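The values are calculated or read from the model by the stated rules, or taken from the named source; none is laboratory data. Only a predicted model underlies this, so the values are computations on that prediction, with no experimental measurement involved. Neighbour counts are summed over all protein chains in view; Cβ atoms, including those assigned to glycine, are modelled from backbone coordinates with ideal geometry. Just the protein is used for accessible areas: all its heavy atoms, side chains included, with ligands, DNA and RNA removed. Shrake-Rupley method; radii C 1.70, N 1.55, O 1.52, S 1.80 Å.
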Amino acid sequence: MCGIVGYTGAQQAAPILLEGLRRLEYRGYDSAGVAVHGGGGIEMVKASGTVERLAEKIDGGAAMHGVCGIAHTRWATHGAPTDTNAHPHLSEHGTFAVVHNGIIENYAALRAELTAAGCVFRSETDTEVVAHLLERSYDGDFLRTVMRTAARLEGSYVLGVLCADEPGRLVCVKEAGPLILGLGIGENYFASDVTALVGRTKNVIYLDDGEFASLTPESVTVYDRTGREVTKTVSRVVWDLEAAEKGGYEHFMLKEIMEQPRAVKSTIAPRLRSGRVELDIGWSAADMASFRRIVLTGCGSAYHAAVAGKYVIESLCRVPVETELASELRYRDPIIGPDTLLIAVSQSGETADTIAAMRECASRGAKVLAIVNVVGSTIARLADEVIYTHAGPEIAVATTKGYTTQLAALYLFAVWAAEGLGRIEKTRYNELVAALSALPARMQRAIDLNTHVRYLAGRWHGQGAMFFIGRGMDYAAAMEGSLKLKEISYIHSEAYAAGELKHGTIALIDEKRLVVALCCQTALFGKMMSNVEEVKARGARVLAVAPEGDRRIFADADDVLFAPKGEELFVAAPELVPLQLFAYYVALENGCDIDKPRNLAKSVTVE
Ligand code: G6P
């Protein structure tokens with residue numbers, strides 16, 4: 001949610017900052033801005049709309065002169081996405097420019113105080129208070145002034161600050177949001193995400209909450225809240241710039257769909273050793289036995305992965321598993337104690353609600369396992385143990401490989417825990433290990449089987465609304481398939497447990513409606529066919545997702561997408577592939593901005 005980037009070095013800052021913003025645009029894309037320190041003070045340009053609009057306004061950066069600067073791409077919280085509300089924000093006399101990711105919760109009180117003291121505000125943002133507070137408490141010491149100001153702020157704030165008195169120096173602070181420092185030779189950076197930096201440096205420092213950094217071209221110094229210097233570890237980013245580029249695909253989303261076989265392999269392969277699942281987490285089988293129940297949490301697609309994970313874990317481990325949206329769990333006064341294992345699922349590792357739910361549960365004694373893609377992210381660092389999905393950078397706002405690798409990690413966990421708990425026969429265990437090992441090839445088969453999705457998307461893209469139905473794991477996959485469609489194509493779509501549709505929603509079914517019916521579990525196939533009959537009897541058209549080669553489906557469905565056969569417990573991952581492709585091609589037919597759907601952001605670091 002909002003991307004920030006900062007540069008100080010010997011080169012012109014604006015083109016470098018623009019390049020960083022382009023790579024952070026998945027975090028927000030309603031307006032953008034840059035401030036650089038030229039010889040004569042701070043120069044600033046902002047534009048509503050995309051980073052490209054900003055780039056046009058400053059001639060790709062050539063129109064701005066200065067070797068040190070900060071930049072921002074916004075997902076609006078306070079105030080509409082106008083030029084004025086775009087970041088950076090300047091203090092009254094131009095001493096400070098500020099970019100901010102997060103929400104300053106006490107901004108109204110601070111704004112009232114500043115207004116009473118005669119301060120004139122230009123924007124409607126919460127961020128502008130920071131610029132004015134900085135200037136009003138400035139005593140000539142840039143870093144200490146930022147520290148003093150930060151101490152007055154409540155909420156989440158990752159700030160990047162430029163001071164007119166100190167050309168070549170940047171100060172930044174992280175409180176409840178991601179911030180990474182990039183170390184170059186004769187130049188240094190900060191950014192919300194390594195994707196903004198990886199084209200320029202692979203040496204990074206992950207800041208912790210409450211830490212401040214001062215950057216010059218030659219030095220990077222990190223301080224804690226009390227102003228004491230902190231020694232930080234320098235980490236090396238393992239992937240290359242190409243991983244964060246489109247690689248010939250029209251959209252990142254399509255590239256990431258196609259990458260799923262490889263991504264799922266990266267999750268699974270390192271954890272299968274000598275025919276066993278090895279998770280390298282610090283709990284033994286005995287520790288697992290001390291958990292009387294498991295709670296899975298996350299937001300959006302990560303929550304959908306959790307729902308699919310619940311079926312698999314419960315079925316194999318025979319431990320009660322609940323799922324709860326992180327945004328609900330955090331405020332529910334949950335009954336959670338040391339006998340609970342919380343599994344937090346998150347691609348970015350920065351989702352504010354998931355972080356808060358983890359903290360809430362940990363404070364009640366729960367142990368926390370995180371399933372996360374982004375290495376060094378807040379969720380990974382807060383958790384007791386982590387399973388990284390190793391999906392590689394995911395840029396499209398609508399997650400695809402992020403989701404299926406979360407499923408793969410949950411499958412690994414379920415098989416590992418079932419064995420540790422002694423709840424699984426050796427033969428079944430071996431079968432599941434083989435099925436895990438075969439999952440990447442099954443994902444590839446799912447892609448290969450569905451060459452006609454584009455044709456089907458052409459046929460159905462004009463629908464005003466759709467329903468997705470399924471049972472069990474098919475229902476979990478239906479939730480995700482439906483979300484994919486609505487978030488990128490803007491077609492209204494809902495997922496229902498197939499048996500539930502008749503309790504009200506069937507009133508919306510008529511001859512115009514397309515129902516997507518997921519029928520990939522043998523034991524539930526007959527039940528699904530009854531539900532398909534029910535909607536057909538009301539005139540609906542049916543697009544089925546069925547096991548490869550199952551001819552029975554043609555008796556009832558108008559069109560069919562196939563999911564390759566294999567271990568049914570793991571079906572949610574391969575059966576999602578045709579639905580991702582369907583959503584993609586429907587959105588393409590409808591001329592939507594697929595990688596940057598309206599109103600969304602990939603990393604939601606506010607509540
Ligand atoms: C946003 C993204 C979704 C994602 C959700 C949770 O809404 O657009 O794709 O599923 O956040 O994100 P996380 O990074 O925690 O998986």
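Results for (1) within 13 Å of the ligand (Cβ to nearest atom); (2) surrounded by 15 or more Cβ atoms within 10 Å (Cβ to Cβ); (3) without any contact (Cβ under 8 Å) to a residue 24 or more places away in the chain; (4) under 29 Å from Arg428 (Cβ atoms), shown as yes or no for each residue.
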| position | (1), (2), (3), (4) |
| --- | --- |
| Gly300 | yes, yes, no, no |
| Ala305 | yes, yes, no, yes |
| Arg318 | no, no, no, yes |
| Glu350 | yes, yes, no, no |
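Can you work out which of the residues in the range 59-73 that are under 30 Å from the mean Cα position of the chain (by Cα) and not in a helix (DSSP H, G or I) is nearest to Gly186 (Cα to Cα)?
Residue satisfying both the conditions and the ranking: Cys68.
When you scan the range 191-202, do you find a residue that is in a strand (DSSP E or B) and either in contact with a helix residue (DSSP H, G or I) (Cβ under 7 Å, 6 or more places away or on another chain) or in contact (Cβ under 8 Å) with a residue 24 or more places away in the chain (or both), even just one?
Looking through the range 191-202, at least one residue is in a strand (DSSP E or B) and either in contact with a helix residue (DSSP H, G or I) (Cβ under 7 Å, 6 or more places away or on another chain) or in contact (Cβ under 8 Å) with a residue 24 or more places away in the chain (or both).
Please enumerate the residues belonging to the range 261-288 that are modelled with pLDDT under 95, surrounded by 14 or more Cβ atoms within 10 Å (Cβ to Cβ) and in a helix (DSSP H, G or I).
Within the range 261-288, Asp287, Met288 qualify.
Is it the case that some residue within the range 413-426 is buried (at least 24 other Cβ atoms within 10 Å of the Cβ), small (Gly, Ala, Ser) and within 14 Å of the ligand (Cβ to nearest atom)?
No, every residue in the range 413-426 fails to be buried (at least 24 other Cβ atoms within 10 Å of the Cβ), small (Gly, Ala, Ser) and within 14 Å of the ligand (Cβ to nearest atom).
Got a number for residues in the range 357-377 being in contact (Cβ under 8 Å) with a residue 40 or more places away in the chain, within 13 Å of the ligand (Cβ to nearest atom) and open to solvent by 10 Å² or more (accessible area, probe 1.4 Å)?
1
I need the full set of residues from the range 476-517 which are in contact (Cβ under 8 Å) with a residue 60 or more places away in the chain and not small (Gly, Ala, Ser), in order please.
Those that are in contact (Cβ under 8 Å) with a residue 60 or more places away in the chain and not small (Gly, Ala, Ser): Met479, Glu480, Leu483, Lys484, Leu485, Glu487, Ile488, Tyr490, Ile491, Val516.
Taking the conditions exactly as written (open to solvent by 40 Å² or more (accessible area, probe 1.4 Å) and not in a loop (DSSP other than H, G, I, E, B)), does Glu242 satisfy them or not?
Judged against the criteria, Glu242 is a match.
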